[in-house]
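Novice: Handing you a structure now.
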């Protein structure tokens, strides 16, 4: 009996306030109970997050989203960005933006910035297969604040993105049926908010392992109202909760513990690496899962197949 009580106490400590000992390992995490977890920075390195750290009141102005920067890449400037400033028409005319091209928007995650790995991977992949306006959203100031502050401001960052794309299309030309929002981790939640605040006008929204801590029951979480077609790629944060939140949800390798990964952060970042690969090759095919158990065991038996990811803006599923 004494051994049982001691074991129960240890479980409580691990699930509660003890810092996880292995950098990047979130196998301990229990929603609503764990205080600490690891998040990925812009290059996929583990960053320790304290879910009890108070929100920074100085960062609570809803206009913080207006601090976003928008970096444009095209085939004419594939590696050096041009900054388009919301409200400054001359910044559009001075850039290589063309309203006749599709618009691809990338939103990095927590602790990231415009130079984060996801941006270069997706930008180069898209420009290799399609003549597009690729817009990287740099929201580094809020992304570098503590996690709860970033979460609380995510809807405002998303609203600002939606307002910017609306202004860009109205001013420089464009078609909502050629708009594709993509976001990784907390950036996936922001991309969802960006689409929702435009009334779900983007033709496609892709959430790359949208971060789940503090989002399971959050009314601002990414969902089907974010766009005309919302696709979610789960690669790790489904371990504790595996919600179907998009029009189509993909669970590669069961949606957790990706092959070749020793930590949850590695599995988490695999979402945008797999997506970048599908943009170039469109080679990963998913099969319909009749139950969530089939998805998690990677043994789906449905008759419908659908390619995961890819660059097709008007994709359906």
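Novice: Mind checking which of 193, 146, 156 has the largest fluctuation in a GNM of the chain, springs on alpha carbons under 10 Å?
Specialist: Among 193, 146, 156, the largest mean-square fluctuation in the Gaussian network model of the chain belongs to 146.
Novice: Comparing 147, 29, 110, which has the greatest mean-square fluctuation in the GNM of the chain with Cα pairs linked when under 10 Å apart?
Specialist: Of 147, 29, 110, the Gaussian network model singles out 29 as fluctuating most.
Novice: Using alpha carbons only, how many degrees (0 to 90, rounded to 10) separate the axis of helix 147-172 from the longest principal axis of the chain?
Specialist: Roughly 20 degrees between the two axes.
Novice: What angle, in degrees between 0 and 90 and rounded to the nearest 10, separates the Cα long axis of helix 264-281 from the longest principal axis of the Cα atoms of the chain?
Specialist: With both axes taken from Cα atoms, the answer is about 30 degrees.
Novice: When a footprinting reagent is the concern and you count Cβ atoms within 10 Å, what order do 278, 235 take, fewest first?
Specialist: Listed from fewest to most nearby Cβ atoms, that is 278, 235.
Novice: While we're looking at this one, here's another question. Would you look at the GNM of the chain, springs on alpha carbons closer than 10 Å, and say which of 93, 176, 38 moves the most?
Specialist: 93
Novice: A further question follows. Testing the spin-label approximation: label points 7 Å from Cα along Cα→Cβ at residue 280 and residue 43. State their distance in nm.
Specialist: 2.1 nm
Novice: Measure out, as a whole number of angstrom, how far apart the alpha-carbon centroids of region 13-61 and region 257-280 sit.
Specialist: One Cα centre to the other: 20 Å.
Novice: Would you mind ranking 96, 28 by Cβ crowding within 10 Å, fewest neighbours first?
Specialist: Listing 96, 28 from fewest to most nearby Cβ atoms yields 96, 28.
Novice: Would you kindly calculate the mean projected area, averaged across all directions, of the convex hull enclosing the Cα atoms of region 176-317, in square nanometres?
Specialist: Averaged projected area of region 176-317's Cα convex hull equals 7.8 nm².
Novice: Another one. Determine the percent antiparallel among the DSSP beta bridges restricted to the chain, to the nearest 5.
Specialist: 45 percent
Novice: Over the residues of region 64-307, compute the C-alpha Rg and express it relative to 2.2 N^0.38 Å.
Specialist: 0.96
Novice: Describe numerically, in nm with one decimal, the distance between label points set 7 Å from Cα along Cα→Cβ at residue 93 and at residue 59.
Specialist: Placing both labels 7 Å along Cα→Cβ, they lie 3.8 nm apart.
Novice: Let me ask something else about it. Between residue 120 and residue 100, take the C-beta separation as r, use R0 = 22 Å, and let me know the FRET efficiency to the nearest 0.05.
Specialist: Computed FRET efficiency for residue 120 and residue 100 comes out at 0.30.
Novice: To continue, here is another question. Expressed as an acute angle from 0 to 90° and rounded to the nearest 10, what is the orientation of the C-alpha long axis of helix 186-197 relative to the principal long axis of the chain?
Specialist: 50 degrees
Novice: Which order do 73, 216 fall in if you start with the one that has the fewest other Cβ atoms within 10 Å?
Specialist: Ranked by crowding around the Cβ, least crowded first: 216, 73.
Novice: Next up: What's the percent breakdown of Cα-Cα distances in region 38-127 across 10 Å bins, shortest bin first?
Specialist: For region 38-127, the pair-distance distribution reads 13, 37, 32, 15, 3.
Novice: Can you list the residues of region 95-134 with backbone N under 14 Å from a point 7 Å past the Cα of residue 77, pointing along Cα to Cβ?
Specialist: Residues 95-98, 133-134 qualify, since their backbone N sits under 14 Å from the label point.
Novice: So how far apart, in nm, are the two label points at residue 167 and residue 22 if each is 7 Å from Cα heading toward Cβ?
Specialist: Roughly 4.7 nm, to one decimal.
Novice: A further question follows. Go ahead and estimate [θ] at 222 nm for the chain from helices alone: -39,500 (n - 2.57) per DSSP H run with n ≥ 4, summed, over the residue count, rounded to 500.
Specialist: Numbers: 8 runs with 98 residues, N = 317.
When only DSSP H runs of four or more count, the value is -9500 deg cm²/dmol.
Read the figures in this text as sums done on the coordinates, not as results from a lab. What you see is a predicted model, and the numbers here were worked out from it, not measured in a lab. Virtual Cβ from ideal backbone geometry, glycine too; neighbours counted across all protein chains shown.
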